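Remarks on the structure that follows.
The values are calculated or read from the model by the stated rules, or taken from the named source; none is laboratory data. As the structure is a computational prediction, the values presented were derived from the model and not from experiment. No Cβ is skipped: glycine too gets one built from the backbone with ideal geometry, and neighbour counts run over all protein chains shown. When the accessible area is computed, the model is the full protein with side chains, heavy atoms only, and any ligands, DNA or RNA have been set aside. Shrake-Rupley method; radii C 1.70, N 1.55, O 1.52, S 1.80 Å.
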Amino acid sequence: MPAQAYKGKECVCQFRKGICDQTCVKDMMDTPFYIACLKLRGRSCLVVGAGDVALEKIEGLLACDADVVVIASETTNAQIESLAAEGSIELLLRPYETADLEGRFLVIAATNDSEVNIGIYNDGEKRAMLSNVVDVPPLCNFILPAIVRTGPLAIAISTAGASPALAKRMKREIGDLFGEQYAELALMLNEARGWAKGNLPTYQDRKAFFEEIVNGEPDPVDLLRNGDRQAVLDLIEQAKATHAPATA
């Protein structure tokens, strides 16, 4: 179970049990999550808290070009202070207020104060906002998976909160398996999309075109591993010739 929802520890969720009995997470493994990719560029995202955990969330938001505002009573995290000094984030050193949610797309709470976290979650729910309290699943209407990023390629790994350590191991292994060659191939296929949309009239036609390239022989990923980018370009041109509609 998640670190902060552990039987016998102090309760940190809205049930206010005093001592955690895991009431809040008993159905977590049966909860189906709708997986989506959010476009955060230019959107205002709030992080409450300024410790090491908050830094991890801030860096994830910045990687997606979000406009990040951080609110905390204090911070001793030099990296967060540096991000604020260079203008990458807006840092407000004061307590959280409900009005801080106005105009925000999402909020992440990373404080060690359960009452503040509960308040942030409840305030977000009233506004139908995306809200996440780190390591407290009952105070989240979305969860953050481990992400492998290489160029345009992003792979999400989630254990539904059961084991972040396992998710991190899977992230390392998947990162080794699907490396730079897959990202390079994705970029090359993206360049072919314009031709496909302009020349292949149906979804099935376009699907067959791209599947011939991706699953064909020789393997385009192997070619890229061997540094033979031109051979992949030749495969794409061959597929174009095969799938181009016949002219009158």
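Data table
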| read-out | value |
| --- | --- |
| Between segment 78-131 and segment 137-159, the alpha-carbon center distance in angstrom | 20 Å |
| Filter on Lys207/Lys240; Lys57/Lys126; Lys39/Lys207 - keep pairs with C-alpha separation over 18 Å | Lys57/Lys126; Lys39/Lys207 |
| HN-Hα J in Hz across segment 226-233 - Karplus 6.51, -1.76, 1.60, θ = phi - 60°, x for Gly and Pro | 8, x, 9, 5, 4, 5, 5, 4 |
| Accessible surface of the chain, 1.4 Å probe, proportion on carbon and sulfur as whole % | 50 percent |
| For segment 157-173, Karplus couplings with θ = phi - 60° (6.51, -1.76, 1.60), whole Hz, Gly/Pro x | 10, 9, 10, 6, x, 5, 8, x, 5, 5, 4, 5, 5, 4, 4, 4, 5 |
| Segment 196-248, accessible area per residue, ligands and nucleic acids excluded (1.4 Å, Å²) | 66 Å² |
| Simple spin-label estimate for Ser163 and Glu56 in nanometres, 7 Å along Cα-Cβ | 1.7 nm |
| FRET efficiency estimate (nearest 0.05) - Cβ-Cβ, Glu74 to Gln238, R0 45 angstrom | 0.15 |
| Pairwise label distance in nanometres, Asp222 with Ile143, each label 7 Å out on the Cα-Cβ vector | 3.8 nm |
